[in-house]
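Shown next, in structure tokens, is the structure this report addresses.
All of the numbers you see were taken from the coordinates with simple rules; none came from a lab. From a predicted model like this one, the values you see are computed outputs, not experimental measurements. All Cβ positions, even for glycine, are placed from backbone atoms using ideal geometry, and neighbour counts span all protein chains on display.
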Amino acid sequence: MRPVIPYVTAALLFGLGVYGVLRRRNAVLVLMAVELMLNAVNLVLVTADTTVRAALPHSGQVFALFVIVLAAAEIGVGLAIVLQLYRLRASVTVDDVPLTEHEPTATGESASPAPEGATR
């Protein structure tokens, strides 16, 4: 078997996953793009295991199994975060996710941070 075809396929899958992570705004589609990248890594590991004679037998397949377990855990935690985000914001777009935490004021609105050197 020529290892070029699986390597090129894995590179295309990984590139498609990177494009999906960088361009998509929906959190579920971003998680799917991450899964594409993990599957590309699995393809490289299994192909390298079958083409390279290593000292440890089936080492690429064992690493691929670990990547599959990692992907399952990532999807479980990621979907839980996306569901909680949808419950709070009624949207799963990545652009709407607040990255900083604001202190609430007495009226319930978020206060803007004080400028440097200002006293309250």
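Ranked by the mean number of other Cβ atoms within 10 Å per residue, highest first, peptides 57-63, 85-91, 28-34 order as 28-34, 57-63, 85-91. Computed over the range 4-95, the percent of Cα pairs more than 17 Å apart is 57. Local charge for Val67 was computed over the other residues whose Cβ lies under 13 Å away, with Lys and Arg +1 and Asp and Glu -1, and equals -3.
Footprinting exposure proxy ranking of Thr100, Thr50, fewest other C-beta atoms within 10 angstrom first, gives Thr100, Thr50.
Taking 0.36 nm per residue of separation and subtracting the current Cα-Cα distance, fully stretching the chain between Arg24 and Glu101 would add 25.3 nm.
Here the residues Val52, Val94, ranked from fewest to most Cβ neighbours within 10 Å of their Cβ, fall in the order Val52, Val94.
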